[in-house]
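Asks: Pasting a structure below so you can have a look.
Please treat every number below as a calculation from the coordinates, not as lab data. This structure is a prediction, so every number in the text was calculated from the model and none was measured. We place every Cβ from the backbone using ideal geometry, glycine too, and count neighbours over all the protein chains shown.
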Amino acid sequence: MKVLIVGSGGREHAIAWSVAKSSKVDKIYCAPGNAGISEYAECVDIGAMEFDKLVAFAKEKEIDLTVIGMDDPLVAGVVDAFEAEGLRVFGPRANAAIIEGSKAFSKDLMKKYNIPTAAYENFTSPEAALGYLETAKMPIVLKASGLALGKGVLICNTLEEAKEGVKTLMLDKQFGSAGDTIVIEEFMTGREVSVLAFCDGKTVKCMTSAQDHKRAKDGDQGLNTGGMGTFSPSPFYTKEVEEFCEKNIYQPTIDAMAKEGRPFVGVLFTGLMLTEEGPKVLEYNARFGDPEAQVVLPRMKNDIVDVFEACVDGKLDEIDLEFEDNAAVCVVLASDGYPESYEKGFEITGIEDVNAKEGYHVFHAGTKFVDGKLVTNGGRVLGVTATGQDLVEARANAYAATELVDFANKYKRNDIGKAIDEA
Ligand code: AMP
Ligand code: GLY
C-alpha cells in the first residue's frame, strides 16, 4: 500500500513511525513533513491547506490511503475534497470536524444530548457577553469558539479581567474570526486527562489515556503552548472513570453526531476534567493530540493501518485495540522563548544515541536539514519519548534521554509527569 500523511509536527512523526511498522505498507509520503519524518517517508513540498495539490498528488501517485494529522485542514474540508475524487482518506469530514472547529457547536451538542460539561452560554455580541458577566460567578472561562492553536482560552479571576477578555477576543480580535463567537463557561477544577478514540461513525474504540502539560513553565506557570510533554497512561483515569466516560461521554457523542447527520470518522480527542461531580468534557478535538500521540502510539500493539482502514470502512467493531502494559513519557525540547519569540537554525546533536535504545523515540516537531546538518526550525523542536515498566521508570528514562540531545537554546520543563508522584 501507498500511504500519504498530511502534517508536519511531532504528531505526524509518531503517525509516520507507526505506519512504517505496518506490514501492508511499502511506500509513505508526507506533505509537507519534517526532517525526522523523512527517515520513513518521502516528504513532498505541499502545504496541508493546499487541497487541490494534495488531491492531485494522491491521484498521480495512486495513494491507497491518506491520513490527515492536523486540525485546520480537517475543519476546512480536506476529507470532503479527497472523497469528492473517490480517494480513501482517514479523518472526519468538515461537518463532523466542526466538533473541534466550533466550541459553540460542541457545547450545544453536549447540552442537547446531556453529555457532562461545564455550564455555559454562547455569545455573538460583545454587549451581550459583557452584560452576562455582570452577574456571573468568578473565576470564569472565556473561549474563542473557533480554532486558535489551543490559545483562545482565557481563565479570568475577576470581573475586570473577564471584561478585558471579551475585548481581547471579540473587539481586538486577537484570534481573528475565531473570536466572532465566544463561549463563556463555568470554571471547573480537577485533574485533566486526554482520551483519544478511533471512530467509524458508529463504533468508538478508545486508546490508552494520557495527560498533557500545556503551560510553558514548571509548576504550570507561564503561557499556554501546544503542549510541553505528556505521559501515558493517566493513573487518575481509573477503571471506574473509564466506564463512566464510555457510558456517558464517548458513545453518546458519536451517537449524537450520527443523529445530527454528521457521522464522525477519525480520531475523536476528548479533553476531560475529573471534577468532584464526576468527569466533564473540557473540549473535543477531531484528530490525534500533539504530544499525546507521541506517548499513546508507541504503546499501541495493533497495526495502525488495519485500524485506519476499519474506521474508513465502518468496520471498527471487528478490531480489538491493544496496548502494552507499560508506560511512556514524552518531554518536549523547545527553543528558549517559545511560545513567544525564539531563535532557530541551531545544530542538533545526539538524536541517534537516543533512537539506538530499545523503547526510546525522538519525534521531530520543528527541525530541518541545512547543508546536510539537522537544525532547529520551530518553537517545539523535538519530543523525547521513553517507555518503561511503569510511569516512574518511563519518566526517569525520558529525562535521562533529554540529556543526550543538545542544541544551542534548548529549553524543557523539568516537571513533566510530576502528578505521577501524587497518584
Ligand atoms: P480547551 O482548549 O477548551 O481544552 O482549554 C484549554 C485549557 O484551559 C484546558 O486544558 C484547561 O486547562 C483550561 N480550561 C478550559 N476550560 C476550563 C474550565 N471550564 N474550567 C477550568 N479550566 C478550563
Ligand atoms: N495536546 C493538545 C492538543 O493536541 O490539542
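Asks: So for the pair Glu358, Leu149, with labels modelled 7 Å out along Cα→Cβ, what separation do we get in nm?
Replies: 4.1
Asks: Out of Pro32, Leu374, Val392, whose Cα points farthest toward the positive end of the dipole of the chain (charges: +1 Lys, Arg; -1 Asp, Glu; placed on Cβ)?
Replies: Pro32
Asks: What residue among Gly36, Gly314, Gly131 has the largest mean-square fluctuation in a Gaussian network model of the chain, using Cα springs under 10 Å?
Replies: Most flexible of the set in this elastic network: Gly131.
Asks: While we're here: Search the structure for amide H atoms under 5 Å from the amide H of Leu282, placed 1.01 Å from N in the peptide plane, and list their residues when 5 or more places away or on another chain.
Replies: Excluding prolines and chain starts, which carry no amide H, the hits are Gly271, Leu272, Met273.
Asks: As a check on your grasp of the helix formula, calculate [θ] at 222 nm for the chain: sum -39500 (n - 2.57) over DSSP H runs of n ≥ 4, divide by the residue count, round to the nearest 500.
Replies: My calculation for the chain gives -7000 deg cm²/dmol from helical runs alone.
Asks: Continuing with the same structure: Which ³J(HN,Hα) values in Hz, rounded to whole numbers, follow from the phi angles of region 68-81 under the Karplus curve 6.51 cos²θ - 1.76 cosθ + 1.60, where θ = phi - 60° and Gly and Pro get x?
Replies: 9, x, 9, 6, 3, x, 5, 5, 7, x, 5, 5, 4, 5
Asks: Between Ala408 and residues 5 or more places away or on another chain, which pairs have amide H atoms under 5 Å apart, with H built 1.01 Å from N, and which residues are they?
Replies: Those qualifying (amide H under 5 Å, at least 5 residues apart or on another chain) are Glu347.
Asks: In whole Hz, what ³J(HN,Hα) sequence does region 273-287 give by Karplus (6.51, -1.76, 1.60; θ = phi - 60°), x for Gly and Pro?
Replies: With the stated coefficients, region 273-287 comes to 10, 8, 8, 4, 8, x, x, 10, 7, 8, 6, 10, 10, 9, 6 Hz.
Asks: Considering amide H positions built from the backbone, and no H for Pro or chain starts, which residues 5 or more places from Cys43, or on another chain, come under 5 Å of its amide H?
Replies: Here the answer is Cys30, since their amide H atoms fall under 5 Å of that of Cys43.
Asks: List, in order, the whole-Hz ³J(HN,Hα) value for each residue of region 42-49 obtained from phi through the Karplus relation with A = 6.51, B = -1.76, C = 1.60 and θ = phi - 60°; use x for Gly and Pro.
Replies: Those phi angles translate into 7, 7, 10, 7, 10, x, 5, 9 Hz.
Asks: Set the Förster distance to 56 Å, then compute FRET efficiency between Glu324 and Glu186 from the Cβ-Cβ distance, nearest 0.05.
Replies: Computed FRET efficiency for Glu324 and Glu186 comes out at 0.90.
Asks: Sticking with this structure for a sec: Which residue, Tyr113, Gly47, Val67, has the largest displacement toward the positive end of the dipole of region 12-125 when charges sit on each Cβ (Lys, Arg +1; Asp, Glu -1)?
Replies: Tyr113
Asks: Looking at the square roots a ≥ b ≥ c of the eigenvalues of the Cα gyration tensor of the chain, which shape do they give, rounded for a/c under 1.5, prolate if a/b is larger than b/c, or oblate?
Replies: Cα axes put the chain in the rounded bin.
Asks: Would you please calculate the Kirkwood hydrodynamic radius of region 244-350 over all C-alpha pairs and express it in Å, rounded to one decimal?
Replies: So the Kirkwood estimate lands at 17.1 Å.
Asks: What is the gain in length, in nm to one decimal, between Lys111 and Asp313 on full extension, counting 0.36 nm per residue of separation less the C-alpha to C-alpha distance?
Replies: The Lys111-Asp313 span can extend by a further 69.7 nm.
Asks: Strictly over 24 Å apart at the Cα level, which of Lys111/Lys217; Lys163/Lys412; Lys21/Lys410; Lys103/Lys315; Lys214/Lys412 would you flag in this model?
Replies: Flagged as over cut-off: Lys111/Lys217; Lys163/Lys412; Lys21/Lys410; Lys103/Lys315.
Asks: How high is the FRET efficiency between Glu121 and Asp415 when r is their beta carbon distance and R₀ equals 41 Å, given to the nearest 0.05?
Replies: Computed FRET efficiency for Glu121 and Asp415: 0.70.
Asks: Can you compute the FRET efficiency between Ser341 and Thr135 using 1/(1 + (r/R0)^6), with r the Cβ-Cβ distance and R0 = 41 Å? Round to the nearest 0.05.
Replies: E between Ser341 and Thr135, to the nearest 0.05, is 0.55.
Asks: Taking the dipole about the Cα centre of the chain, with the C-beta of Lys and Arg at +1 and of Asp and Glu at -1, give me whichever of Tyr132, Ser232, Cys330 is farthest to the positive side.
Replies: Towards the positive end, the residue furthest out is Tyr132.
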